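**Q** Dumping the structure here so I can ask a few things about it.
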Amino acid sequence: MKSLNISILISLFMFISLGCTQTQEVVKTIWGSSTRALEDARQDGIRKSFACDYDKIFDAVLKMTKVHVSSKVVPYQLFLKDRKKGVIVVIGIPGSVDTTEVGIFFDYVDEATTMVEISSLSTHAKMTAADHVFSLLENQCAATP
């Protein structure tokens, strides 16, 4: 009986992990790691290009999600990161519900330029995060027109 249950679980896992994209997206949504809503909200996102390479920009934004011991502040809490897909999702935006997600998307423009886009279903969270992220990046890289 145990071997039958294990076989069923392994088969289910393989179907989900190797199955169609829609199945994977449903599982991600249930699990809480789907970025589909944030990707859909990108059409209303706030964008800015910076004269820095992709990895430097990604690492700078990722670093702001770490605990700063000296100031005892966590600017934002890291919810999800995927360097390959060019996305960081954060929560804990001041003035918003703790679980409000903000997507920070990174698009390679060329070797020296990266487009950063902030999206969220919450306008307040999106604006707050954009102000903070863009300010942080402008201190490290020049914004491009």
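The values are calculated or read from the model by the stated rules, or taken from the named source; none is laboratory data. On a predicted model such as this, the values are computed, not experimentally measured, just so you know. Methodologically, a virtual Cβ is constructed for each residue, glycine included, from the backbone with ideal geometry; neighbour enumeration extends over all protein chains shown.
**Q** Has region 58-74 got at least one residue that is surrounded by 13 or more Cβ atoms within 10 Å (Cβ to Cβ) and over 16 Å from the mean Cα position of the chain (by Cα)?
**A** yes
**Q** Now for a different question. Starting from residues that are under 19 Å from SER120 (Cβ atoms) and not basic (Lys, Arg), keep the ones in region 38-56 and report whichever is modelled with the lowest pLDDT.
**A** ALA41
**Q** Check THR114, THR128, THR123 and return the single one that is over 19 Å from LYS56 (Cα atoms) and crowded, with 19+ Cβ neighbours inside 10 Å.
**A** On inspection, the qualifying residue turns out to be THR128.
**Q** Could you give every pair whose Cβ atoms fall below 7 Å, whose first residue belongs to region 69-89 and is closer than 18 Å to GLY45 by Cα, and whose second residue is of a type in the set (Lys, Arg) and at pLDDT below 95, counting only separations of at least 6 or pairs across chains?
**A** Partner pairs satisfying both residue conditions: ILE88/LYS81.
**Q** Which residue is nearest to ARG36 (Cα to Cα), if the candidates are limited to region 81-107 and must be in contact with a strand residue (DSSP E or B) (Cβ under 7 Å, 6 or more places away or on another chain) and surrounded by fewer than 13 Cβ atoms within 10 Å (Cβ to Cβ)?
**A** Looking at the filtered set, the residue picked out is THR99.
**Q** Which residues, counting only those in region 100-126, are small (Gly, Ala, Ser) and under 16 Å from ARG42 (Cβ atoms)?
**A** GLY103, SER119, SER120, SER122, ALA125, listed by residue number.
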